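The values are calculated or read from the model by the stated rules, or taken from the named source; none is laboratory data. Every value quoted in this text rests on a predicted model; they were computed, and no experiment measured them. We place every Cβ from the backbone using ideal geometry, glycine too, and count neighbours over all the protein chains shown.
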Amino acid sequence: MSEQAPPSAPAPRAPGLPDVDVAERGGKRDGVQQTLDRRLFVQLLAFSVDRDGSVGPVADALVERLSTAGVGAVVYEDVNDPRGLALVTWSEDPSHFVRRVRPLFHDERLRPLVQRHELSMLGRSYSLGHEPQLEDSLLHRPRRVMNDPHANWAVWYPLRRTGAFAKLESLEQGTILREHASIGMAYGQKDLAHDVRLACHGMDRNDNEFIVGLFGRELHPLSHCVQAMRKTRQTAEFIAQMGPFFVGHVLARTPERALLDGAT
């Protein structure tokens, strides 16, 4: 009988095929580059309350269901829809959205919610390769930003770059991205706007590549940040599509609670 590799051993790579590595990479610590095969998935679902429902009671029921289920979330009132609500939830396990978030909407009190599919967003945190604290950047910082009790305004939007950007040399791409990032950092240092960046390749109905969430105490700086970004080379030359934009004011936040073994 021929000797077989143990089940835990990776299958040998076939000659001529690229080496696929899905781990995230950060900056070096103690001379060794950080790697982590974990990331945070974030989903935004937007709704409008139909004419048979009353916005206040429906919103209260949604917050109650989230709290009872221990689902960490932010519930927004949609500034551009007087009957609109949105829900942002997150987890390292994307099945969370099916197993824990989806069942919440079986509640009869939430039947008046009509989903606005054009505003559905699902993305994952990702690394740029130089993060000094990789795990914090991927898993903890997005939670802190979304849950900042002082940041009651949020602007969420998807975007897609043109194929021309992917054809640029990596050095030129880096220069373009640093220009873009420096503007975001400037707003962050003044506590005017903080961001959550998510990749959504293959998870977006409109073939978008990224989702951006901007958060702050006031709405104007968030709008101002978007305006300033329009002047960068990335946006001016290489963005094929941005939006639609969701603008929300926080109605409630619910803390996340680990699901007990055997619970549903």
Scanning region 156-172 for residues that are in a helix (DSSP H, G or I) and in contact with a helix residue (DSSP H, G or I) (Cβ under 7 Å, 6 or more places away or on another chain), which turns out farthest from GLU77 (Cα to Cα)?
ALA164
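Listed here are the residues, each with its yes/no results for (1) touching a helix residue (DSSP H, G or I) at 6+ places or on another chain (Cβ under 9 Å); (2) closer than 24 Å to GLY84 by Cβ.
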| position | (1), (2) |
| --- | --- |
| ALA186 | yes, no |
| ASP195 | yes, yes |
| CYS200 | no, yes |
| MET229 | yes, no |
| THR232 | yes, no |
| MET242 | yes, yes |
| ALA252 | yes, yes |
Residue check for GLU256: surrounded by 16 or more Cβ atoms within 10 Å (Cβ to Cβ) and not assigned by TED's automatic domain parsing to the domain that holds ASP78:
yes
If GLU172 satisfies every condition in (1) among the acidic types (Asp, Glu); (2) within 28 Å of PRO255 (Cα to Cα); (3) modelled with pLDDT under 95 but one, which is the exception?
(2)
One residue is enough: does region 49-67 have a residue meeting the conditions under 17 Å from the mean Cα position of the chain (by Cα) and not in a strand (DSSP E or B)?
no
Name the residue that is surrounded by the most Cβ atoms within 10 Å (Cβ to Cβ), counting only residues in region 86-98 that are more than 16 Å from TYR157 (Cα to Cα) and in contact (Cβ under 8 Å) with a residue 12 or more places away in the chain.
TRP90
Considering only region 200-217, state which residues are under 11 Å from the mean Cα position of the chain (by Cα) and over 16 Å from PHE246 (Cα atoms).
CYS200
Residue match in region 51-59 (condition: modelled with pLDDT under 95, small (Gly, Ala, Ser) and more than 21 Å from VAL212 (Cα to Cα)):
yes
